[in-house]
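Have a look at the structure below before the remarks.
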Amino acid sequence: MGGRSGCLFCSPSFTGIKIQPLSSYTFPCSYTFPYFSFTFSPHQTHSLSFPKLMSQPLSLNSAPLAEADTDSSAAPSLFDYHSIDQKLLQNIVYDALVWSTLNCLLVGDKSVQRSGTVPGVGLVHLPLCLLPGPFPESHWKQACELAPIFNELVDRVSLDGKFLQESLSRTKHADEFTSRLLDIHSQMLQINKTEDIRLAIMRSDYMVDDKTKSLLQIEMNTISTSFALIGCLMTGLHKSLISQYGNILGLDPNRVPANNAVDQSAEALAKGWSEYNNPRAAILVVVQVEERNMYEQHYISALLRDKYHIKSIRKTLAEVDQEGEILPDGTLSVDGQPISVVYFRAGYTPKDYPSESEWRARLLMEQSSAIKCPSISYHLVGTKKIQQELAKPGVLERFVENKDHVAKLRACFAGLWSLEDSEIVKNAIENPELFVMKPQREGGGNNIYGNDLKESLLKLQEAGSEEDAAYILMQRIFPATFPAILVRDGNWSTGHVIAEAGIFGTYLRNKDKIIINKESGYMVRTKVSSSYEGGVLPGFGVVDTVYLT
């Protein structure tokens, strides 16, 4: 289980990409205004490559679309987006870019040096899928129904400190980052630190395996789950485009599921703040030094301020170390401000801990009485090794009493194995295309496939050390591909893609009282089927929605 904008598994087929710049075309001046409005919006070798924006400016033509362009009899087959008339396609892309700008579906442009530190500098639209791809409605309902079950499972597992420490004991010796997290967890166990109020904003990511027609879980993200706002904005974009062009394309905007992920995230934080019961306290948002996706974070802070009248402050781990202290009553104070909830949007990757200062800050926050979203134990439950342990026969029953819930959880588990399993390792070496090798890392670009997987396993065997404990093996999932139009940096491309749907869940518990436990919106990532990785900000995938079939 894991962290932010993870990965997409894919079939090995290569379909190629055709790229078209948005230049030297004319466009209609009319377009629909935002479907819904926000006050403001908003991490390899297989990454997509797109050309820079063309220097020729776009030209506007005030004439309406020609009659042939709006004739539904000329519509392509459902989801056959590659056969859309070129002029019509240019109009849809143009309207999508206008909508994205008006509604702040934006992120910091990595080519602009200050875009990750200074708000409003160097903005570019999120890489996006122009129109949604098909997703079976039955599997969508299954994923949504699983959210509260997974929420409760994470909470139950987090309370079993012995299980976490023992399950990750070999990983501790092989992976320094996991070792440091376990050290903090161990210190909390030694002082008998209890978290009476437990808060989480989680996301479980899924694909539909085309061979078995099964919904299979990729991972469970328990820390810094991102793209709640972006998921909502993409829903708005696709509903808007389909409302405008649906009669031509044969699409119904009501088949794109409603999405309230960002509101649900803010509500969970606000209710956590309320349970802490200190009106003077603020919510601390722990952020990275440079953050191109800062606008989503700022939007949640704006919701907290305007809707719930709750103050939030942004600090890096280093700043928390410099400005933070624990008061005699256990209260966390940062720069003189008492803190009720620590909302982690950083701390999930070794890059976030360049010195001992950041580790001191993480320990300080864990030792305090502030509510952690997530706590160190929730964070550890999200590791891939725990995901693999929970998939073992009989382990779920240790934490889940409801037999129906056990069956539903197990039905979505893909094959997961420890590298201690010599038969599976042998099989993976002989058939590397059927497996994925996953380290305890988050954020995309970390998984190992194909010949690299085979070579990595052989090297680990030759070394004969415990380094294999830093990895797990997972069944390769082969979802169905579908034609898509991908838009990045104002240019569009065609390709056959696969999609990964992430279902958010929010959970809040105060001792024996469950205050929130529900499915809380979604986000979707799509990528070209020939690419191994799917993280959006690292440059592998694009944001998307689904069209229920």
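The values are calculated or read from the model by the stated rules, or taken from the named source; none is laboratory data. Everything quoted here is computed from the prediction, not taken from an experiment. So basically every Cβ, Gly included, is an ideal-geometry build from the backbone, and we count neighbours across all protein chains shown. Each accessible area value is taken on the protein alone, full model and side chains, heavy atoms only, with ligands, DNA and RNA left out. Shrake-Rupley method; radii C 1.70, N 1.55, O 1.52, S 1.80 Å.
Details
- Residue within region 363-371 that is charged (D, E, K, R) and surrounded by fewer than 24 Cβ atoms within 10 Å (Cβ to Cβ) present: yes
- Any hit, region 148-156, residues being among the basic types (Lys, Arg) and out of contact with any Phe, Trp or Tyr (no Cβ under 7 Å at 6 or more places or on another chain): no
- Some residue of region 458-469 being touching a strand residue (DSSP E or B) at 6+ places or on another chain (Cβ under 7 Å), at pLDDT below 95 and not hydroxyl-bearing (Ser, Thr, Tyr): no
Conditions tested, residue by residue: (1) in the same structural domain as MET220 (by the TED database); (2) within 25 Å of the chain's Cα centre (by Cα); (3) within 17 Å of HIS405 (Cα to Cα).
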{"residue": "CYS144", "(1), (2), (3)": "yes, yes, yes"}
{"residue": "ALA147", "(1), (2), (3)": "yes, yes, yes"}
{"residue": "ASN151", "(1), (2), (3)": "yes, yes, yes"}
{"residue": "ASP155", "(1), (2), (3)": "yes, yes, yes"}
{"residue": "ASP160", "(1), (2), (3)": "yes, no, no"}
{"residue": "GLU166", "(1), (2), (3)": "yes, no, no"}
{"residue": "HIS173", "(1), (2), (3)": "yes, no, no"}
{"residue": "LEU182", "(1), (2), (3)": "yes, yes, no"}
{"residue": "SER186", "(1), (2), (3)": "yes, no, no"}
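- Among all positions in region 427-436, there is at least one residue which is within 30 Å of TYR378 (Cβ to Cβ) and aromatic (Phe, Trp, Tyr).
- Residue list for region 527-544, filter: within 22 Å of LEU123 (Cβ to Cβ) and either of a type in the set (Ser, Thr, Tyr) or modelled with pLDDT of 85 or more (or both): GLY541, VAL542, VAL543, ASP544
- The residue that is farthest from MET202 (Cα to Cα), among those in region 328-352 that are of a type outside the set (Gly, Ala, Ser) and open to solvent by 60 Å² or more (accessible area, probe 1.4 Å), is PRO328.
Residue by residue, here is whether (1) basic (Lys, Arg); (2) under 30 Å from TYR547 (Cα atoms) holds:
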residue: LEU130; (1), (2): no, yes
residue: GLU137; (1), (2): no, yes
residue: ALA143; (1), (2): no, yes
residue: ARG156; (1), (2): yes, no
residue: GLY161; (1), (2): no, no
residue: THR171; (1), (2): no, no
residue: ASP175; (1), (2): no, no
residue: THR178; (1), (2): no, no
residue: HIS185; (1), (2): no, no
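- Every condition in (1) out of contact with any strand residue (DSSP E or B) (no Cβ under 9 Å at 6 or more places or on another chain); (2) within 21 Å of LEU189 (Cα to Cα) holds for VAL395 except the one numbered (2).
- When LEU453 is tested against the conditions (1) aliphatic (A, V, I, L, M); (2) assigned by the TED database to the domain that holds LYS426; (3) within 30 Å of TYR547 (Cβ to Cβ), the lone failure is (3).
- Single match in SER301, SER274, SER355, SER243 (criterion: among the small types (Gly, Ala, Ser), touching a Ser or Thr at 6+ places or on another chain (Cβ under 6 Å) and open to solvent by 10 Å² or more (accessible area, probe 1.4 Å)): SER301
- Restricted to region 140-197, and to residues there that are among the basic types (Lys, Arg) and assigned to a helix (DSSP H, G or I), the residue that is surrounded by the fewest Cβ atoms within 10 Å (Cβ to Cβ) is LYS162.
- Only listed residue being hydroxyl-bearing (Ser, Thr, Tyr), in a helix (DSSP H, G or I), modelled with pLDDT of 95 or more and under 28 Å from PRO354 (Cα atoms), chosen from SER265, SER301, SER274: SER301
- Restricting region 396-413 to residues that are under 26 Å from GLN440 (Cβ atoms) and either open to solvent by 80 Å² or more (accessible area, probe 1.4 Å) or at pLDDT below 95 (or both), the residue that is nearest to the chain's Cα centre (by Cα) is ARG410.
- Selection count where residues are out of contact with any Phe, Trp or Tyr (no Cβ under 8 Å at 6 or more places or on another chain) and β-branched (Val, Ile, Thr), scope region 157-177: 1
- When LEU215, LEU233, LEU229 are checked against the criterion of being farther than 13 Å from TYR547 by Cα and touching a strand residue (DSSP E or B) at 6+ places or on another chain (Cβ under 6 Å), LEU215 stands alone in meeting it.
- Each residue in region 101-111 was checked for being surrounded by fewer than 21 Cβ atoms within 10 Å (Cβ to Cβ) and either at pLDDT below 95 or at positive phi (or both), and 3 pass.
- When each of GLU219, GLU291 is tested for being assigned by the TED database to the domain that holds GLU319 and under 22 Å from ARG362 (Cα atoms), the lone residue that passes is GLU291.
- Criterion violated by VAL98 - all others in (1) modelled with pLDDT of 95 or more; (2) within 29 Å of TYR299 (Cα to Cα); (3) in contact with a Phe, Trp or Tyr (Cβ under 7 Å, 6 or more places away or on another chain); (4) crowded, with 20+ Cβ neighbours inside 10 Å satisfied: (4)
- One residue stands out in region 449-458 among those that are open to solvent by less than 30 Å² (accessible area, probe 1.4 Å) and hydrophobic (A, V, I, L, M, F, W, C): the one that is farthest from ARG345 (Cα to Cα), namely LEU457.
- Those strands (runs of 3 or more DSSP E) of region 307-365 in which at least 3 residues are under 19 Å from ILE223 (Cβ atoms) and touching a Lys or Arg at 6+ places or on another chain (Cβ under 9 Å), considering only elements entirely within it, cover 337-344.
- Only one of the numbered conditions (1) surrounded by fewer than 21 Cβ atoms within 10 Å (Cβ to Cβ); (2) at pLDDT below 95; (3) in contact with an Asp or Glu (Cβ under 9 Å, 6 or more places away or on another chain) is not met by THR212, and that is (3).
- Considering region 422-441, and only residues there that are of a type in the set (Asp, Glu) and in contact with a helix residue (DSSP H, G or I) (Cβ under 9 Å, 6 or more places away or on another chain), the residue that is least open to solvent (accessible area, probe 1.4 Å) turns out to be GLU433.
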